[in-house]
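The values are calculated or read from the model by the stated rules, or taken from the named source; none is laboratory data. Keep in mind that this is a model prediction, so the values were computed, not measured. All Cβ positions, glycine included, derive from the backbone under ideal geometry; neighbour counts span all protein chains shown. Areas reflect the complete protein model, heavy atoms only, side chains present, ligands, DNA and RNA absent. Shrake-Rupley method; radii C 1.70, N 1.55, O 1.52, S 1.80 Å.
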Amino acid sequence: MYWNKRIETMSRDELMYIQNERLQKMLRRIYHNVPFYRSQFQSVDLAPEDITEISDLSKLPFTTKQDLRDSYPYGLFAAPLSEIVRIHASSGTTGKPTVVGYTREDISNWAELCARAFVAAGADSNSVVQVSYGYGLFTGGLGIHYGAEKLGASVIPMSGGNTERQIMLMKDFHSTLLACTPSYAIYLAEAIEQYGIDPGEIKLKSGIFGAEPWSENMRKKIEERLHISAHDIYGLSEIMGPGVAIECQCKNGMHIWEDHFLPEIIDPNTLEPLPYGAPGELVFTTLTKEGIPVLRYRTRDLSVLHKEVCECGRTHVRMERVSGRSDDMLIIRGVNVFPSQIESVLMEFGNVEPHYLLIVTREGTLDNLEIQIELSEELFSDRISNLEELERKIKQKIHSVLQISAKIRLVEPKSIPRSEGKAKRVIDKRNLQGE
C-alpha cells in the first residue's frame, strides 16, 4: 500500500519541519548560484535569511515559463554542467524550448517519487508496466520508466505510437499496468475492440494517465472499456516530470509529495495566495531539486488543494483533478470556457464517444462555438429523429452549464483525428484570422 510509509504518513508537523529545513537550504542555493534568483530577491529587498517560515514565501516573486525561455538554455541551472547527468526540454513549438537539467541526486529522487506513485496506484514488484508515454526530450517516458525499475517491476519501454504493436505486446507480455495519456488509453481500447481481441487476453489491472486534463466521466469510460482501475498522475518538467502527485486507491484527489514540493494556490488575477479548498492556479516551489530548482513556479494549471488526511492514511495534501489552464481558457462572448467543462458534459451522454473538437470562429464581433462530437458505430445508424433529439439535449445541457449557446454537430465514427500523445481539443480560428 505504501512505498515509503514513514514519509507518506508522517504528521503534518513533522512534514512542515522537513519543508522548512529544505526550503532554507534551497533558497541559499539559488541565491548564491543563480543570478536570476539573486536579482529576484534584491528586487523585493530580501535575502534568504529573511524567509524564516513557509508563510514568508508569499513575499517572493513568482517564476514563469517565460523566465525559463529567457534563460535558455542553462541560465536557471543551479549546478555546473559537470554535475548535470540528464537534460530534458519542451518541444519549443512557440519559440525556444524550456530546458531542465537533473543531477544524479535529482534522478534518484525522481525514481523514488515515481515508485511511490506506482504503489499508490496498486502496482508492486510483480507488475509488468507498459510505458506508452513518449521517450526522448519529453519527461514522460523516462520519468515513469525509472520509477517502475526502482519499484522492481518489469518495464516495457514502448513509447508512444505503433498501436497494433502496442496491443500485440500488451497481450503477449501480459502487461498489468499501462502508463500513457488518457486520450491514448481510449484509442487503445477502441483498437482492442476493433481487432476483436477477447478481453480475457488482456491482463491489465490498472493504469496511470496524465499529461493532459481529463474528466471523471473519461475515467469511467477508460475503466469500463479496458477493465482496469484508472489513476490520475500529475507532473510537469519544470518541477520534475511525472510523479509530482498521484491518486491512491481512494481516488479522492492526487497526493502531492510535499517533502519535495511546496504547493500553493493563488488567484490568477490578483496573484494573492488562497486558502485550502479554494479554486485557483497551482504554484510550486521545489525543495530538493539541485539541477534547476524553481521558486514559486506558476503552472497555469487550475486546481484545489485539500489538507485533510486521506482514508488511505497518507497525510500529504491532495490536489483535485486539473480543471483547465488559466492561459488556455477560452473566452467566448465574455464567458470563461474550459474544454474540460465541455468534456464533462459530453461524457454524461453515454451514447457518444469521448472524442470531440471545439471550433471557435468570429463573425463580425460575435464569437461562435461549434462542438463536433463523434458518434458510436451503433448510434450512427440510428434514426435521424433520434440524432436530432440527442443534439438538442446536448445543446441544452451545454447552455445550462456554460450559459452560452453552441452549435452541436454530431460526426461520423472515427472522423475526429486521434492522437498518440496529447489530444488536440480546440481550434481557435479567431487567432488564425489575426483578430
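Tally Lys and Arg at +1 and Asp and Glu at -1 over the other residues with C-beta under 11 Å from the C-beta of Arg104: what net charge comes out? My count for the surroundings of Arg104 gives -3. If the chain linking Lys393 and Met1 were pulled fully straight, counting 0.36 nm for each residue of separation and taking away their Cα-Cα distance, it would gain 136.8 nm. Think of a 1.4 Å ball rolled over the protein heavy atoms: segment 130-169 then has 38 Å² of accessible area per residue. Backbone phi angles across segment 337-351, fed through the Karplus curve with coefficients 6.51, -1.76 and 1.60 (θ = phi - 60°), yield HN-Hα couplings of 10, 10, x, 5, 5, 5, 4, 4, 5, 4, 6, 6, 9, x, 9 Hz in residue order; Gly and Pro are listed as x. Per residue, the accessible area of segment 245-289 comes to 32 Å², computed with a 1.4 Å probe over protein heavy atoms only. A simple spin-label model places the labels of Asn269 and Phe173 4.9 nm from each other, with each point 7 Å out along Cα-to-Cβ.
Here segment 209-252 is scanned for amide nitrogen atoms under 18 Å from the site 7 Å beyond the Cα of Asp124 along Cα-to-Cβ, giving 229, 248-250. For segment 188-264, the set of trypsin sites (Lys or Arg not before Pro) satisfying both a DSSP loop assignment and a count of at most 10 other C-beta atoms within 10 Å is empty. Protein heavy-atom accessible surface, 1.4 Å probe, per residue over segment 330-428: 52 Å². Here His260 sits with roughly 10 square angstrom of accessible surface, probe radius 1.4 Å.
Evaluated with a Cβ-only charge set (Lys, Arg +1; Asp, Glu -1), segment 1-325 carries a dipole of roughly 420 debye about its Cα centre, given to the nearest 20.
Of the peptides 50-62, 70-82, the ranking by mean beta-carbon count within 10 Å, highest at the top, reads 70-82, 50-62. A helix-only calculation puts the chain at -9500 deg cm²/dmol for mean residue ellipticity at 222 nm, using -39500 (n - 2.57) for each DSSP H run of at least four residues, averaged over all residues. Apolar share of the accessible surface for the chain: 49 percent from carbon plus sulfur atoms, 1.4 Å probe.
Proximity of backbone amide H atoms, modeled 1.01 Å from N, is registered between Ile156 and Val129, Gln130, Val131 at under 5 Å, excluding neighbours fewer than 5 places apart on the same chain. Net charge in the neighbourhood of Gly147 (other residues with Cβ under 11 Å of its Cβ; Lys, Arg +1, Asp, Glu -1) is 0. Counting charges near Tyr276 (Lys, Arg +1; Asp, Glu -1) among other residues having Cβ under 15 Å from its Cβ returns a value of -4.
Using the Cβ-Cβ distance between Val85 and Ser39 with R0 = 35 Å, the FRET efficiency computed as 1/(1 + (r/R0)^6) comes to roughly 0.80.
DSSP beta bridges fully contained in segment 330-428 are about 60 percent antiparallel. Taking 0.36 nm per residue of separation and subtracting the Cα-Cα distance, full extension of the segment from Glu224 to Lys96 would add 42.0 nm. Rounded to the nearest Hz, the phi-derived 3J(HN,Hα) couplings of segment 384-392 under the Karplus curve 6.51 cos²θ - 1.76 cosθ + 1.60 (θ = phi - 60°) are 4, 4, 5, 5, 5, 5, 5, 4, 5, where x marks glycine and proline. In terms of accessible area, using a 1.4 Å probe and ignoring ligands and nucleic acids, Leu178, Leu410 rank largest first as Leu410, Leu178.
The chymotrypsin sites (Phe, Trp or Tyr not before Pro) found in segment 284-372 that occupy coil by DSSP, while having at most 16 further C-beta atoms within 10 Å, are Phe349. Scanning residues 5 or more positions from Gly324 or on other chains, those with amide H under 5 Å from its amide H are Leu302, with H placed 1.01 Å from N in the peptide plane.
Is segment 1-325 rounded, prolate or oblate when judged by the Cα gyration tensor, a ≥ b ≥ c being the square roots of its eigenvalues, rounded requiring a/c under 1.5 and prolate requiring a/b larger than b/c? Judged from the Cα gyration tensor, segment 1-325 comes out prolate (a/c at least 1.5, a/b above b/c).
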